[in-house]
Amino acid sequence: ASFTLLCFRSPLVTPLIFALLLQAPFTQPSTITQPNFVLLLADDLGIGDVGCYGNDTIRTPNIDGLAKEGVKLTQHIAAAPLCTPSRAAFLTGRYPLRSGMDAINDYRVIFWNAGSGGLPPNETTFAKILQHQGYSTGLIGKWHQGVNCESRNDHCHHPLKHGFDYFYGMPFTLISDCEPTETPEMDRAFRRKLWLSTQMIGLITLTAVLGRLTGLISVHWRTLACLAGFSLLFFISWFSSYGFVRYWNCIMMRNHGITEQPMVTDRTTSLILRESISFIERNKHKPFLLFLSFLHSHTPLLTTEKFLGRSRHGLYGDNVEEMDWMVGQVLDAIDKEGLKETTLVYFASDHGGWLERQEGERQLGGWNGIYKGGKAMGGWEGGIRVPGIFRWPGVLPAGTVIDEPTSLMDIYPTVVHLAGGEVPQDRVMDGRDLLPLLRGAVEHSEHEFLFHYCGVHLHAVRWHQKDTGAVWKAHYMTPIFSPPGAGACYDRGFCQCFGEGVTHHEPPLLFELSQDPSEAKPLSADTEPLFGTVIGKIGRAIEEHRRTLTPVPEQLSVSNVVWKPWLQPCCGTFPFCWCDKEGDN
């Protein structure tokens with residue numbers, strides 16, 4: 001009877017089954033086309049500062065929740081150990097020296113909003129490709145990739161020229177100079193030298209004047225006038241920039257317009273969070289890219305009163321816990337709009353924690369767990385190994401941990417391919433599509449070699465020997481710690497990339513990271529039978545890599561990083577730059 005009934009109904013059942021088969025792929029989360037992207041990038045956060053990476057005292061339940069619901073990468077590597085070059089690599093999918101965004105000198109980041117260096121207009125960011133794919137693209141928070149090239153309003157390096165439809169945040173980076181109550185941070189040692197030189201020139205001028213008045217020195221008044229004029233010009237030449245850092249660098253912008261100059265730090269966190277949630281709400285009916293580039297946890301550690309004193313790690317811990325709360329608020333907004341299943345969320349830090357950042361007994365920088373070194377150190381793991389977490393329910397397997405070499409540069413091809421775009425074919429791309437690895441379709445990362453630069457100087461190279469699972473790392477240069485054995489450069493505040501601040505190694509220091517992730521026991525030809533083979537393999541990879549490099553304009557040259565008053569973003573008539581449009585609202 002059942003057979004008869006099925007045969008009788010087959011003219012109706014067959015089309016129904018056929019329709020369901022056609023429909024099924026479109027209801028599977030794994031085949032969603034053009035998902036939303038929410039990219040969360042912390043500033044100066046150490047890998048050891050997050051609960052799911054081993055910290056058991058700073059509370060990060062929302063970041064930990066992302067790892068529980070998604071994929072955690074344990075060997076996620078920044079392309080540079082400082083903000084500007086690392087973020088340039090993140091945005092372009094290319095080592096920063098390919099775009100001229102890594103340093104040839106000690107000026108290793110963009111120093112002024114009124115500098116002329118920045119992410120070149122001919123670089124194609126992933127935001128620009130997604131924009132062409134019909135995405136709404138927004139950047140909220142820190143930029144630090146430059147503003148202008150030749151005039152105050154050309155905005156050649158601005159986010160809106162690099163694929164973002166909407167920008168709200170700091171074109172620069174947060175620094176202690178933004179807080180009037182904090183000790184100035186920017187170029188602190190150089191500023192001391194300028195003050196000392198000004199005082200010496202002033203003292204010489206005053207001595208000469210007094211000598212002339214008392215008849216002890218025979219000097220013409222015209223000479224004294226020239227000397228006094230030189231003293232004044234010297235003082236103005238540097239104080240016009242360094243004396244007003246808070247006004248020149250600590251500004252907030254909405255698109256091309258300045259909203260606060262200087263920024264009002266008490267409300268910065270709430271405004272960034274409000275703008276992020278508003279962007280999600282405005283764009284919920286079409287594919288969107290939200291790049292939330294946190295000001296946390298960079299000094300001066302802006303933390304609202306609600307979170308002060310809550311952690312067991314002082315102000316730094318308070319700041320990290322507030323950032324985690326912000327992550328939770330953004331995730332709640334995604335859930336509220338019913339976008340959780342169609343949104344890929346990514347969380348990372350731009351580089352390792354800043355070990356040397358201290359004020360007296362207060363530790364204001366992050367912790368990098370078991371890994372040696374920190375911010376500004378291009379070779380040691382502590383400067384470049386960062387948290388890396390992906391969540392996409394129904395597509396990425398929950399609770400997965402992947403211990404394969406991956407890079408922040410990999411975000412570029414991953415989001416571009418998911419958005420239906422194509423990576424540029426007219427240039428060398430260093431990032432690799434992570435989706436097959438994240439979904440478990442492949443066992444190994446596509447990266448065989450990763451090159452670890454400090455400025456334009458190659459400090460170390462990582463080789464992933466896939467047939468054995470070994471991860472070899474050869475150091476050709478390492479920073480000289482000060483004081484010796486301290487694990488960082490506390491005497492300077494930053495470790496150097498070249499010159500007297502580094503040690504050259506010949507043969508290179510070699511470590512096997514899968515056995516020695518802390519890089520505590522260097523191998524040698526006496527202790528490792530494969531030493532010569534590994535060093536030879538890495539050496540050939542360096543030669544091949546260098547053949548792919550082409551000369552480009554140096555964006556961080558001295559001439560590009562110095563303050564140029566004609567490029568200064570100004571809310572008013574320069575030099576009278578002041579406004580508070582958020583306060584007016």
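The values are calculated or read from the model by the stated rules, or taken from the named source; none is laboratory data. Quantities reported herein were computed from a predicted structural model and do not represent experimental measurements. Glycine also receives a Cβ, built like all others from the backbone with ideal geometry; neighbour counts cover every protein chain displayed. For accessibility, only protein heavy atoms count, side chains too; no ligands or nucleic acids. Shrake-Rupley method; radii C 1.70, N 1.55, O 1.52, S 1.80 Å.
Of A486, A474, A520, which residue is hydrophobic (A, V, I, L, M, F, W, C), part of a loop (DSSP other than H, G, I, E, B), farther than 19 Å from A103 by Cα and in contact (Cβ under 8 Å) with a residue 24 or more places away in the chain?
Values: A486 fails: in contact (Cβ under 8 Å) with a residue 24 or more places away in the chain; A474 fails: part of a loop (DSSP other than H, G, I, E, B).
Answer to the check: A520.
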- N283 is checked against (1) open to solvent by less than 10 Å² (accessible area, probe 1.4 Å); (2) within 28 Å of H162 (Cα to Cα); (3) in contact with a Ser or Thr (Cβ under 7 Å, 6 or more places away or on another chain) and fails just one. What number does that condition carry? (1)
- If you check L513 against the conditions, is it aliphatic (A, V, I, L, M), in contact (Cβ under 8 Å) with a residue 40 or more places away in the chain and touching a Ser or Thr at 6+ places or on another chain (Cβ under 8 Å)? no
- Task: Mind counting the residues in the stretch 191-217 that are without any contact (Cβ under 8 Å) to a residue 12 or more places away in the chain and either in the same structural domain as H144 (by the TED database) or open to solvent by less than 30 Å² (accessible area, probe 1.4 Å) (or both)?
- Result: 1
- Item | Considering residues of the stretch 489-529 that are of a type in the set (V, I, T) and within 29 Å of the chain's Cα centre (by Cα) only, the residue least open to solvent (accessible area, probe 1.4 Å) | V502
- Query: What number of residues within the stretch 184-201 satisfy the criterion of being within 17 Å of R492 (Cβ to Cβ) and not in a loop (DSSP other than H, G, I, E, B)?
  - Reply: 6
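For (1) modelled with pLDDT under 95; (2) of a type in the set (D, E); (3) surrounded by 10 or more Cβ atoms within 10 Å (Cβ to Cβ), each residue gets a yes or a no:
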site	(1), (2), (3)
L16	yes, no, yes
F26	yes, no, no
L40	no, no, yes
D43	no, yes, yes
D49	no, yes, yes
N62	no, no, yes
G65	no, no, yes
- Please list, ordered by first then second residue, the pairs with beta carbon atoms under 6 Å, 6 or more apart or interchain, first in the stretch 428-443 and over 14 Å from G70 (Cα atoms), second assigned to a helix (DSSP H, G or I) and among the hydroxyl-bearing types (S, T, Y). G431/Y412; D433/T414
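For the stretch 120-169, give me each residue that is in a loop (DSSP other than H, G, I, E, B) and small (G, A, S). Working first, answer last.
So the first thing to find is which residues in the stretch 120-169 are in a loop (DSSP other than H, G, I, E, B), and the list is 120-125, 133-135, 143-158, 162-165.
The answer is G134, G146, S151, G163.
Looking only at the stretch 297-312, decide whether some residue is touching a strand residue (DSSP E or B) at 6+ places or on another chain (Cβ under 7 Å) and open to solvent by less than 10 Å² (accessible area, probe 1.4 Å).
If we filter the stretch 297-312 for residues that are touching a strand residue (DSSP E or B) at 6+ places or on another chain (Cβ under 7 Å), which is where we start, we get 297.
Retained after the next criterion (residues that are open to solvent by less than 10 Å² (accessible area, probe 1.4 Å)): 297.
Within the stretch 297-312 (the criterion being touching a strand residue (DSSP E or B) at 6+ places or on another chain (Cβ under 7 Å) and open to solvent by less than 10 Å² (accessible area, probe 1.4 Å)), the answer is yes, since at least one residue qualifies.
Identify the residue in the stretch 262-280 that is polar (S, T, N, Q) and crowded, with 22+ Cβ neighbours inside 10 Å and, among all such residues, is farthest from L39 (Cα to Cα).
To start, the set of residues in the stretch 262-280 that are polar (S, T, N, Q) comprises 265, 268-270, 276, 278.
Remaining after also requiring crowded, with 22+ Cβ neighbours inside 10 Å: 268-269, 276.
Details: T268: 19, T269: 17, S276: 11 Å.
My answer is T268.
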- Name the one entry in A474, A441, A470, A486 that is small (G, A, S), closer than 29 Å to D187 by Cβ, more than 22 Å from the chain's Cα centre (by Cα) and assigned by the TED database to the domain that holds A80. A486
- Item | Any pair with Cβ under 9 angstrom, 6 or more apart, that starts in the stretch 125-154 at a residue that is on the phi > 0 side of the Ramachandran plot and open to solvent by 10 Å² or more (accessible area, probe 1.4 Å) and ends at one that is in a loop (DSSP other than H, G, I, E, B) and of a type in the set (S, T, N, Q) | G134/Q34
